[in-house]
Amino acid sequence: MTNERMSDLLEYTNALLTWVSGRGRILIVVHDNPDPDSLASAMALRQLFAVRLNRQAVIAFSGMIGRSENLAMAAMLQIPLTPFPLIDLKTFQVICLLDSQPQTGNNSLPPDTRVDIVIDHHPPREESAASKWVDIRPDYGTTATILYEYLKVQGVSIGTKLATAIFYAIKSETQDLGREACRPDRDAYLALFPLANKTLLNSITRPPLPREYFVSLHSALEHAVIYGSLLITQLQEVQFPEVVAELADLLVRLEGVEIVLCMGRYGNEMILSMRTSNDQRNAGELIRKLVKGIGSAGGHGMMAGGKVDDLAGCAALPGGVERLLSERLLAELGVADRQPRQLVG
């Protein structure tokens, strides 16, 4: 970070902290079914408020933490999390939203909620402009890197667990700096590696996997269809939403495949995850076109996610919502006439 950039960020964070200090209780909200980036970002912002303002913020999440690595991270790093249904928004005077933005469909804040602070690394949404403090950097690989810079310019010491959390967030989100990482991500990664607890990292990255993971893997392989360099698969019913993205990460590694769309039914929702190994494709733009009129989506560059909120309302679609989404993607990519082939017989 250049001296000029550090000076600007110090001025910004000083003003933010001064504003927060004159208010009451602080709530930090992360996106539904939180991933390592949102969890580490929340830890970092909570630490900033604790050290600089002597204030304890509450971290709230909705959905569930189902992926084994994320469960291990939350447990081993002792991240204090409160289920969103237990939160009374009226009792908080400062509301922060991390790794998400207002009205994106991937967080449980009611649409009319006042959001004071938004920090994110996804493309900016119009609704975010209504917030007082907005720091959105779509060129960054992770939101956690932004919070790391906050801690750095404020001179807040980073303990072993927080260092492990931020390091793992950057590691997992950018796949060890190989996907959508920028210079600040690399700088943070290299600075935090010596501070991170390697035993904890190993336990987080290699946790025991539940039987349900292998059931979903079997379904993903069985239903995977390839159209040229595009792979589409249906996981059918999934036990936890994160497995859809987890298997998309795996399948995009298939030789000859550049784009993957994974779909899985979770309750009355269809969870979607898209990955691409071609940096000329924008997964965020693609997936938003797929769910137009029937759901919500977000993302950027080489990774994106979304959902169809009301499967019951889509029951009348010919062939179901999976067929509609597949046909939209095939048409968008111009491969509708390609002869499909099964991944496995």
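The values are calculated or read from the model by the stated rules, or taken from the named source; none is laboratory data. Here the structure is a predicted model, which is why all the values come from computation and not from measurement. Cβ sites come from the backbone with ideal geometry, for glycine too, and all protein chains shown count toward neighbours.
Cβ-Cβ under 8 Å, sequence separation 6+ or interchain: first residue in segment 324-345 and assigned by TED's automatic domain parsing to the domain that holds His223 and within 22 Å of Leu311 (Cβ to Cβ), partner aromatic (Phe, Trp, Tyr) and crowded, with 17+ Cβ neighbours inside 10 Å. Which pairs?
Final answer for the pair search is Leu330/Tyr227.
Which condition number does Ile65 fail, the rest of (1) closer than 30 Å to Arg206 by Cβ; (2) part of a helix (DSSP H, G or I); (3) hydrophobic (A, V, I, L, M, F, W, C) being met?
Among (1) closer than 30 Å to Arg206 by Cβ; (2) part of a helix (DSSP H, G or I); (3) hydrophobic (A, V, I, L, M, F, W, C), the lone unmet condition for Ile65 is (2).
Confirm whether Arg55 is in contact (Cβ under 8 Å) with a residue 24 or more places away in the chain, surrounded by fewer than 14 Cβ atoms within 10 Å (Cβ to Cβ) and among the basic types (Lys, Arg).
When the stated conditions are applied, Arg55 does not pass them.
Would you tally the residues in segment 237-263 being without any contact (Cβ under 8 Å) to a residue 40 or more places away in the chain and in a loop (DSSP other than H, G, I, E, B)?
Summing the residues that are without any contact (Cβ under 8 Å) to a residue 40 or more places away in the chain and in a loop (DSSP other than H, G, I, E, B) in segment 237-263 gives 7.
Give the residues of segment 179-226 that are among the aliphatic types (A, V, I, L, M) and closer than 30 Å to Ser326 by Cβ, sorted by residue number.
Our first condition is that a residue be among the aliphatic types (A, V, I, L, M); within segment 179-226, this holds for 181, 188, 190-192, 195-196, 200-201, 204, 209, 215, 217, 220-221, 224-226.
Leu209, Val215, Leu217, Ala220, Leu221, Ala224, Val225, Ile226, listed by residue number.
Does Pro80 qualify as being surrounded by fewer than 14 Cβ atoms within 10 Å (Cβ to Cβ) and either among the β-branched types (Val, Ile, Thr) or under 22 Å from Tyr266 (Cβ atoms) (or both)? Even if it seems obvious, please write down each step before you answer.
Details: surrounded by fewer than 14 Cβ atoms within 10 Å (Cβ to Cβ): yes; either among the β-branched types (Val, Ile, Thr) or under 22 Å from Tyr266 (Cβ atoms) (or both): no.
It is false that Pro80 is surrounded by fewer than 14 Cβ atoms within 10 Å (Cβ to Cβ) and either among the β-branched types (Val, Ile, Thr) or under 22 Å from Tyr266 (Cβ atoms) (or both).
In the list Leu162, Leu209, which residue meets the criterion of being at pLDDT 95 or above and within 26 Å of Pro241 (Cα to Cα)?
Leu162 is the lone residue from the list that is at pLDDT 95 or above and within 26 Å of Pro241 (Cα to Cα).
Could you please let me know if Glu149 is surrounded by 14 or more Cβ atoms within 10 Å (Cβ to Cβ), out of contact with any strand residue (DSSP E or B) (no Cβ under 9 Å at 6 or more places or on another chain) and not aliphatic (A, V, I, L, M)?
Taking the combined requirement at face value, the residue satisfies it.
Step by step: first the residues of segment 83-101, then only those that are at negative phi, part of a loop (DSSP other than H, G, I, E, B) and surrounded by 23 or more Cβ atoms within 10 Å (Cβ to Cβ), then the one that is farthest from the chain's Cα centre (by Cα). Which residue is that?
Checked segment 83-101; the qualifying residue farthest from the chain's Cα centre (by Cα) is Gln101.
For every residue, the table says whether it meets (1) assigned to a helix (DSSP H, G or I); (2) touching a helix residue (DSSP H, G or I) at 6+ places or on another chain (Cβ under 7 Å); (3) farther than 15 Å from Pro36 by Cβ.
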| residue | (1), (2), (3) |
| --- | --- |
| Val134 | no, yes, yes |
| Glu149 | yes, yes, yes |
| Val156 | no, yes, yes |
| Arg186 | yes, no, yes |
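Select from segment 1-35 the residues that are of a type in the set (S, T, N, Q), part of a helix (DSSP H, G or I) and at pLDDT below 95 and list them in ascending order.
If the condition is that a residue be of a type in the set (S, T, N, Q), part of a helix (DSSP H, G or I) and at pLDDT below 95, then Asn3, Ser7 are the ones that fit.
Say whether the condition of being part of a helix (DSSP H, G or I), over 15 Å from Leu71 (Cβ atoms), of a type in the set (Gly, Ala, Ser) and in the same structural domain as Arg338 (by TED's automatic domain parsing) is met by at least one residue in segment 211-218.
yes
Which one of Glu149, Glu126 is outside the structural domain of Leu254 (by TED's automatic domain parsing) and either under 17 Å from His300 (Cβ atoms) or at pLDDT below 95 (or both)?
Numbers: Glu149 fails: either under 17 Å from His300 (Cβ atoms) or at pLDDT below 95 (or both).
Testing whether each residue is outside the structural domain of Leu254 (by TED's automatic domain parsing) and either under 17 Å from His300 (Cβ atoms) or at pLDDT below 95 (or both) leaves just Glu126.
So in segment 283-298, with the set limited to residues that are surrounded by fewer than 19 Cβ atoms within 10 Å (Cβ to Cβ) and outside any loop (DSSP other than H, G, I, E, B), which one is modelled with the lowest pLDDT?
By that ranking, first place goes to Ser296.
Answer with yes or no whether Leu201 is buried (at least 17 other Cβ atoms within 10 Å of the Cβ), over 25 Å from Leu343 (Cα atoms) and either of a type in the set (Lys, Arg) or at pLDDT 95 or above (or both).
Against the criterion (buried (at least 17 other Cβ atoms within 10 Å of the Cβ), over 25 Å from Leu343 (Cα atoms) and either of a type in the set (Lys, Arg) or at pLDDT 95 or above (or both)), Leu201 qualifies.
Can you tell me which residue within segment 264-282, out of those that are surrounded by 15 or more Cβ atoms within 10 Å (Cβ to Cβ) and assigned to a loop (DSSP other than H, G, I, E, B), is modelled with the lowest pLDDT? It would help to see each step written out before you state the result.
Applying the first criterion (surrounded by 15 or more Cβ atoms within 10 Å (Cβ to Cβ)) to segment 264-282 yields 264-266, 269-277, 281-282.
Now restrict to residues that are assigned to a loop (DSSP other than H, G, I, E, B): 277, 281-282.
On the way: Ser277: 92, Arg281: 86, Asn282: 89.
Going through the qualifying residues, I end up with Arg281.
Evaluate the following for Thr104: is it touching a residue at least 60 places away in the same chain (Cβ under 8 Å) and either more than 20 Å from the chain's Cα centre (by Cα) or part of a loop (DSSP other than H, G, I, E, B) (or both)?
Taking the combined requirement at face value, the residue satisfies it.
Are any residues in segment 3-51 surrounded by fewer than 20 Cβ atoms within 10 Å (Cβ to Cβ) and either among the basic types (Lys, Arg) or touching a Cys at 6+ places or on another chain (Cβ under 7 Å) (or both), and if so, which ones?
If the condition is that a residue be surrounded by fewer than 20 Cβ atoms within 10 Å (Cβ to Cβ) and either among the basic types (Lys, Arg) or touching a Cys at 6+ places or on another chain (Cβ under 7 Å) (or both), then Arg5, Arg23, Arg25 are the ones that fit.
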